[in-house]
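*Asks:* Take a look at the following structure, please.
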Amino acid sequence: MSLVHSVFLVSNILGTFSIFKLISIFFERENIYKCVEVLSYVIYYILSVLIFTFFPVPVVLLSFNIISIFAITLNYSGTLKRHITATVYVYLIIFGIEIMVMSLFEYKKIFIFKVQELHSVYLIICVKVLVYIVALILSERKFNIKKSGEISPLYWIGVVSIPVASLVVMILFLNIATGSEQLHILIVLLSIAIINIVSFQLYNHVVSIMQEKNKKLLLQKQDEAYLQQLKMIQANNENISLIRHDIQNHLFMLKSLYEKGEIDSYRDYLDTLLSKIDKKEEVCKSGNLVVDSIINYKLRNINDINLYIDVCIPKKLEISDVDMTVALGNLLDNAVRAVKESDRKELKINLKYKKGRLILQIENSYKNIVKSQGKLQTTKKEKQGHGIGLESVREVAERYNGIMQIDYEDNLFVVLVILYC
């Protein structure tokens, strides 16, 4: 085995790891088969060594790398557009560094359909090390691309066409350039690199804007839903209040129908009254209409649980009804969902008001793992919009100069919210 092949055999380990770091910029490494992921990189390493050894034709290496990188990205969940985008940008980074290093080493012509008879050990080492450095730098940046959703097809085509066109331009330019144009080559390569860096940053920026826009839309829809829910609760309470206010008249009517022997009319009238009243016993009677209504409404269909409620608050708080509905409603929605799926079925609700602070703590049992790689995970089948609920609660807390803390242990999930009002 020649020195060149020995160096490539070792340095390709670093090169394969660099590809892993670059791909990680675009995808989350959650809910994947780690064994399959590792195996795919091992297979890539072995095949790349074999092709470099027996078929060291640039066009073959280029095609192999593009296809292999795309195949590796399939380990991770994402749209086809994101897989293509990741493949194009990852290979552009690798190929761009190779071309720049080769130009510095005075490889001014690249004949992509001919075997390169002269290989530089220094070139291989420099390329692998530089790609690794770039991969480390980029992977440390907090990109939003891996969390991005769908972007418009027109914009995606524009983003992907820039690196694709750059690859074509670099190959064609280097094949027609003469030996005396080394400075021009470097200028062109640097210009192309700058264009692609800017386009990559622009892509990341647009993804951030779209994420924020989608987040606001979800929050707006959620607020509207909770506001509508609050109106329904208040309307129900008003109906109950009206019935209680007119209870004397209703009793007189029932007495009159009974004395006249009109049993059918008596029964119909009584059924009409009962239909307007929620038959389920109220579990919260603190005197605060909004809080009582939310808790009673959210717990109306939950049975056979160990429920503990301790609410001691004034009848009126300096917090808007909508904010209270969003904060308490979200927390109860999450808690009720988790309790229904758990084995212990335990739910504790504590609300206290002390010295200008509203202290809200909800503790519930849960069944499934709620943390993976440092992040809370949803047990919902529908993943879209996950995390928006807790984010809404956090925003309400910040609006009242408060805090929200989350803790979980022994299959108990605890959320503490403090509002200054």
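*Asks:* With r as the distance between the Cβ atoms of Asp268 and Gln248 and R0 = 25 Å, compute the FRET efficiency 1/(1 + (r/R0)^6) and round to 0.05.
*Replies:* 0.80
*Asks:* Determine, for each peptide in 347-354, 287-294, the mean count of other beta carbons within 10 angstrom over its residues, then list the peptides with the highest first.
*Replies:* 287-294, 347-354
*Asks:* While we're here: What ranking do 317-329, 54-66 get when scored by the average of other Cβ atoms within 10 Å per residue, highest first?
*Replies:* So the peptides 317-329, 54-66, ranked by packing, come out 317-329, 54-66.
*Asks:* A further question on this structure: Within region 2-48, which trypsin sites (Lys or Arg not before Pro) sit in a loop by DSSP and count at most 16 neighbouring Cβ atoms inside 10 Å?
*Replies:* In loop regions of region 2-48 (DSSP not H, G, I, E or B), the sparsely surrounded trypsin sites (Lys or Arg not before Pro) are Arg29.
*Asks:* I'd like the FRET efficiency for Asn301 and Ile13, computed as 1/(1 + (r/R0)^6) with the beta carbon distance as r and R0 of 51 Å, rounded to 0.05.
*Replies:* 0.30
*Asks:* Another question, then. Take the Cβ-Cβ distance between Ala165 and Leu62 as r, set R0 to 22 Å, and report the resulting FRET efficiency rounded to the nearest 0.05.
*Replies:* Rounded to the nearest 0.05, the efficiency is 0.90.
Every number in this text was worked out from the coordinates using simple rules, so none of it is lab data. The model shown is predicted, which means the values in this text are computed figures rather than measured ones. With ideal geometry, Cβ positions are generated from the backbone for all residues, glycine too; neighbour counts draw on all protein chains shown.
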